[in-house]
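For reference, the structure discussed in these notes is given below.
No lab work stands behind these numbers, since they all come straight from the coordinates. In this text the structure is predicted, and so the values were computed from the model without any measurement. Cβ sites come from the backbone with ideal geometry, for glycine too, and all protein chains shown count toward neighbours.
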Amino acid sequence: MTKIERKAMVIGVRFQPLGKLYHFKSTNEQDLKVGDYVIVTTSRGREMAQIAVIEENYHGKREGQLKTIERRATPQDLVMGRMWQRRELEALINCREKAAEMNLKGIRIASAEFSFDGSRLSFLYSSEGNEKKNLQDLLRRMKRSYRKSKVEMREIGPRDVAKVIGGMGACGLEERCCSRFLSEFSPISIRMAKAQGVSLNPQEITGMCGRLRCCLIYEYGLYAEARKKLPKKKKRVITPAGEGKVIDVVPLKETVIVALDEGMRMEFHKDDIQPYEEFQALKNKAKDPCANHQDGDSNCKKKNGS
């Protein structure tokens, strides 16, 4: 029986359950599926990762630029990985104790991560302020404590710290979005809050990380698209109840609230209003029938004295 030749695939893997997606390629001989653990070579050494997706229509780097998956993880690799994971809490506590002894201010040690074989130990930390912190003394102490591992200190942002630590969200959810399902952080701006009519009170738009809440982007696209079809605030419009000025918009209802010249405030659907400038243009055209006629129209030439 001839062996069925398998096509090389582009595979997305994650090094953490909710980590960023990284792409590698498989060889023809590898028979891999989603959920499998694999060993890959990265810029920081050999790592164990889990396959999250098999890309059928990959549009990132050219396949030739991707590194190849080394092999499927063995049961021994998995056992070893779990063993080193159990030692991470001990390493974290040890590092925090050393930092406290050294009276390091403005430093927060968020987590400790061993590689699957214990060859590397990474301490993830965040710092307050813009000043660069010197952690060389702390790094030397940790190297003496873990001589068999390559120890490194990696600074991460406040959002990453919130993701690592977990806990209740500012909105009251028992688990923060970043710890529950977000694998990457999107840029968030105050414009997104304004587009949705959210209060700009810092307490209401700031997450536990001290940054703008990630959820501000969830519905922003819907609001932005809906607002394109509605007049902006302070624009004059013509309504079935008369002329007025837009004082507020309700994007998801596709309505606007208008302050009528008579003093009343009423809500109208976008199909029931007309921009004042557009209405005036149509009104002017109605007064001058020749405005829409071609230059060759004889009646308009006579009117214009041609």
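Laid out as a table, the results:
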item	result
Candidate aspartates and glutamates for bridging to K270, where Cα separation is under 20 Å - those fewer than 8 sequence places away on the same chain excluded	E225, E243, D248, E254, D261, E278
Summed residue charge, Cβ within 14 Å of D160's Cβ, Lys/Arg positive, Asp/Glu negative	+4
Packing-based exposure ordering (other Cβ within 10 Å, fewest first) of R86, R46	R86, R46
Value of relative contact order over the chain, rounded to a whole percent, pairs C-alpha under 8 Å and six or more apart	9
Simple Cβ-charge dipole of the chain, Lys/Arg +1 and Asp/Glu -1, about Cα centre, in debye nearest 20	1020
Net charge of Cβ neighbours under 9 Å - reference E254; Lys, Arg +1; Asp, Glu -1	+2
Residues K232, K150 arranged by fewest to most Cβ contacts within 10 Å	K232, K150
Per-residue Cβ neighbour rank within 10 angstrom, fewest leading, M264, M142	M264, M142
Cα gyration tensor, region 10-73 - rounded (a/c under 1.5), prolate or oblate	rounded
Prolate/oblate/rounded call for region 84-156, Cα gyration tensor, a/c under 1.5 rounded	prolate
Shape call, region 161-222: gyration tensor on alpha carbons, a/c limit 1.5	prolate
Mean residue ellipticity (222 nm) of the chain, computed from DSSP H runs ≥ 4 via -39,500 (n - 2.57), nearest 500	-7500 deg cm²/dmol
Structure-derived P(r) over Cα pairs in 10 Å bins from 0, in percent - corresponding label in [x] 5, 17, 19, 18, 13, 10, 9, 6, 3, 1, 0; [y] 6, 25, 34, 24, 8, 2, 0; [z] 7, 32, 38, 20, 3, 0	[x]
Out-of-range pairs (alpha-carbon distance over 29 Å; input K67/K98; K163/K194; K105/K143; K163/K229; K194/K235; K25/K132)	K67/K98; K163/K229; K25/K132
Top positive-direction residue, dipole computed over the chain with Cβ charges, set S183, I238, Q136	Q136
